[in-house]
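> Have a look at the structure that comes next, please.
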Amino acid sequence: METNKPGDTPTALRRVVIVGGGTAGWMTAAPLAQLMGSVDHAAGCEIVLIESPDIGTVGVGEATLPTIRFYNRTLGLDNAEFIRKTQATFKLGIEFKDWGHVGNRFFHGFGEFGPAIQNRSSILHWLRLHGLGSMDSHEHWSTATVMAMRNRFMPPEGDVASAANAYTYAFHFDAGLYAAYLRDYAVARGVQREEGTIVDVSVRPGDGFVTAVTLADGRRIEGDLFIDCSGFRALLIEGVCQAGYDDWTHWLPCDSAQAVPCARVEPLTPYTTSTARSAGWQWRIPLQHRTGNGHVYCSGYTSDEDAGRVLMSHLDGAALGEPRQLRFKTGMRRKAWDRNVVAIGLASGFLEPLESTSIQLIMDGVGRLIELWPDRRCDHHLADEYNRRMAQQYTSIRDFIVLHYKLTRRDDSAFWRYCAAMPIPDTLHHQIELFRRSGRVAILDPDSFAEPSWVSLFLGLGLWPERHDPLLAQIDERALRQHFQRLRQAIAQTVDAMPDHGAFIARHAQAAPLETPL
């Protein structure tokens, strides 16, 4: 017979079980701990997290998108403490090298290219002037990009729109340290941490709901809602629910990665670097205590040995270990929520870390679960809506990443020739052709990348519109050029006054050296 707590609704969740720790597990546990702590204790539910000491975590997601700041703020984290605890640095965007063609360089900065003019984005007006001749690169009108190229940093200031706040920022941090930081936060707010390896899963006859998991030492942990954060193993969502997986490797053929840290070098840059290689690409992520490096590649076009040599030969600091091998299959779980199991993190799908979206998808997965919080019945309409929105976001991010490969003009390797010739999703084809023919950007998912990001990639990879919005011609060209000149000067003066990125961190959030550097 079921019993309810005082003040409980008849079917309210009594215990949520999170399967798996790491970044996904503890990023899930922390906001749930805060949520349950904000309601009357007697009416709340228990949060239990199970992690195994025998199973490692992938931990390659050390770069983030600006929305990580809102996640931290919602938890009430102290920004300076967070930076120190995770050896974090600031991130203004991503520098791309050799994408599109060898020798190419462009920047995907976080922020607008100036304020809108007569309800049209600033970049559309810049495109018109560029078509008329004598306009410097659009990157001069991105405050974040100008800051990054000069290694400057300060947080945005004030509420009135100006060059001093026309940008945003994210972080680079040590994912393992971040998970430990959130673990302490969650446990202090009542999350029960259980250590052990799951060896059996019990399901309810009839509807297949998971009722309990059994650990190797015989402990049985029951629950009403199970959140699968078990990574690529997908212990519950696939192992039990058999939700299925949509394989996207025909669009994103990279299936392997090697990662290795190296010693920090100066200057401490406020951006990620992504450099295209003959069979994939290499990342560089600067932290306070080290630099993270990795080579993402397609095993069908290069060997692990050659990929490792490419990685190690392009480090700009002394290697702090041997490369760690990773395997993956890009794609998405067909149902991230099935019955009373919700998959978050790698259990729900994988997109290579080219645009630092893995932590974003964890955050949004947790946020949508809280928004659609179920009772013990786990109504399938809630699951359907959750799955619809997660699928929309996954496919939009997928298309954005495919864009990096598809628009290449490289023909120096079989890998790049495949990427240039491969068929692409109809959704991405529409976005490319809309911009090519009119300069407009189609945003198919408001929770994914916005217009400035798409424009940065289109222009950076050499796609220029053939025509422009006819309404733009109503604005006097000379006045418009004067506006852009004043804006560029304001951005330059603003950045001139900013401190060096490394100096800003040293003054405001310098981390203590780790006892055992990673």
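> Just need a number here: residues in region 405-443 that are farther than 21 Å from VAL296 by Cα and not basic (Lys, Arg). Give the steps one after another, and end with the answer.
As a first pass, look at region 405-443 and keep what is farther than 21 Å from VAL296 by Cα: 423, 425-443.
With the extra rule that they be not basic (Lys, Arg), the set shrinks to 423, 425-435, 438-439, 441-443.
Qualifying residue count for the region: 17.
> Does SER230 count as at pLDDT 95 or above, among the polar types (S, T, N, Q) and under 18 Å from the mean Cα position of the chain (by Cα)? Can you show your working first?
On the way: at pLDDT 95 or above: yes; among the polar types (S, T, N, Q): yes; under 18 Å from the mean Cα position of the chain (by Cα): no.
It is false that SER230 is at pLDDT 95 or above, among the polar types (S, T, N, Q) and under 18 Å from the mean Cα position of the chain (by Cα).
> Give me a count of the residues in region 437-484 that are under 19 Å from ASP426 (Cβ atoms) and of a type in the set (Lys, Arg). So that I can check it myself, show each step before the final result.
Pass one, region 437-484, residues under 19 Å from ASP426 (Cβ atoms): 437-438, 440-445, 448-449, 454, 457-458, 463.
Now drop any that are not of a type in the set (Lys, Arg), which leaves 437, 440.
Residues flagged as under 19 Å from ASP426 (Cβ atoms) and of a type in the set (Lys, Arg) within region 437-484 amount to 2.
> Do we find that ASN151 is touching a helix residue (DSSP H, G or I) at 6+ places or on another chain (Cβ under 7 Å) and among the polar types (S, T, N, Q) in this structure? Even if it seems obvious, please write down each step before you answer.
Working: touching a helix residue (DSSP H, G or I) at 6+ places or on another chain (Cβ under 7 Å): yes; among the polar types (S, T, N, Q): yes.
In short, yes.
Residues are listed down the side, and each one gets a yes or a no for (1) under 26 Å from ALA414 (Cα atoms); (2) touching a Leu at 6+ places or on another chain (Cβ under 7 Å); (3) of a type in the set (Val, Ile, Thr); (4) not assigned by TED's automatic domain parsing to the domain that holds VAL402:
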| site | (1), (2), (3), (4) |
| --- | --- |
| PRO261 | no, yes, no, yes |
| VAL265 | no, no, yes, yes |
| GLN288 | no, no, no, yes |
| GLY292 | no, no, no, yes |
| ARG309 | yes, no, no, yes |
| LEU315 | yes, no, no, yes |
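> Let me ask you something else. May I ask you to list the residues in region 165-182 that are among the aliphatic types (A, V, I, L, M) and not in a loop (DSSP other than H, G, I, E, B)? Working first, answer last.
First, pick out the residues of region 165-182 that are among the aliphatic types (A, V, I, L, M): 166, 170, 175, 177, 179-180, 182.
Result: ALA170, ALA175, LEU177, ALA179, ALA180, LEU182.
> Residues of region 237-262 being within 24 Å of the chain's Cα centre (by Cα) and either closer than 30 Å to LEU225 by Cβ or among the small types (Gly, Ala, Ser) (or both), which ones?
Step one: filter region 237-262 for residues within 24 Å of the chain's Cα centre (by Cα), giving 237-238, 243-262.
Within region 237-262, ILE237, GLU238, ALA243, GLY244, TYR245, ASP246, ASP247, TRP248, SER256, ALA257, ALA259 qualify.
> Which of the following residues is crowded, with 19+ Cβ neighbours inside 10 Å and either of a type in the set (Asp, Glu) or outside the structural domain of LEU471 (by TED's automatic domain parsing) (or both): PHE90, PHE153?
Values: PHE153 fails: either of a type in the set (Asp, Glu) or outside the structural domain of LEU471 (by TED's automatic domain parsing) (or both).
None of the others qualify; the one that does is PHE90.
> Still on this model: Among the residues in region 326-340, are any aliphatic (A, V, I, L, M), more than 21 Å from the chain's Cα centre (by Cα) and either at pLDDT 95 or above or in a helix (DSSP H, G or I) (or both)? Give the steps one after another, and end with the answer.
As a first pass, look at region 326-340 and keep what is aliphatic (A, V, I, L, M): 326, 332, 336.
After this cut, where a residue has to be more than 21 Å from the chain's Cα centre (by Cα) as well, the list is none.
Among the residues of region 326-340, not one is aliphatic (A, V, I, L, M), more than 21 Å from the chain's Cα centre (by Cα) and either at pLDDT 95 or above or in a helix (DSSP H, G or I) (or both), which makes the answer no.
> If the requirement is being in contact (Cβ under 8 Å) with a residue 12 or more places away in the chain and buried (at least 23 other Cβ atoms within 10 Å of the Cβ), which of these qualifies: THR357, THR330, THR395, THR427?
Details: THR330 fails: buried (at least 23 other Cβ atoms within 10 Å of the Cβ); THR395 fails: buried (at least 23 other Cβ atoms within 10 Å of the Cβ); THR427 fails: buried (at least 23 other Cβ atoms within 10 Å of the Cβ).
Only one candidate passes the filter, namely THR357.
> Follow-up. From GLY133, GLY103, which residue is outside the structural domain of LEU287 (by TED's automatic domain parsing), farther than 26 Å from ALA503 by Cα and modelled with pLDDT of 95 or more? Break it down into steps so the answer makes sense when it comes.
Working: GLY133 fails: modelled with pLDDT of 95 or more.
Within the list GLY133, GLY103, the selection yields GLY103.
> Also, quick follow-up: Which ones in region 191-208 are within 31 Å of the chain's Cα centre (by Cα) and not β-branched (Val, Ile, Thr)?
GLN192, ARG193, GLU194, GLU195, GLY196
> I need the full set of residues from region 236-292 which are part of a loop (DSSP other than H, G, I, E, B) and of a type in the set (A, V, I, L, M), in order please.
Here is the first cut: in region 236-292, the residues part of a loop (DSSP other than H, G, I, E, B) are 236-244, 248-255, 263-271, 278-279, 287-290.
Selection gives LEU236, ILE237, VAL240, ALA243, LEU252, ALA263, VAL265, LEU268, ALA279, LEU287.
The values are calculated or read from the model by the stated rules, or taken from the named source; none is laboratory data. Please read all numbers here as calculations on a predicted model, not as lab measurements. Positions of Cβ are backbone-derived with ideal geometry, glycine not excepted, and every protein chain shown enters the neighbour counts.
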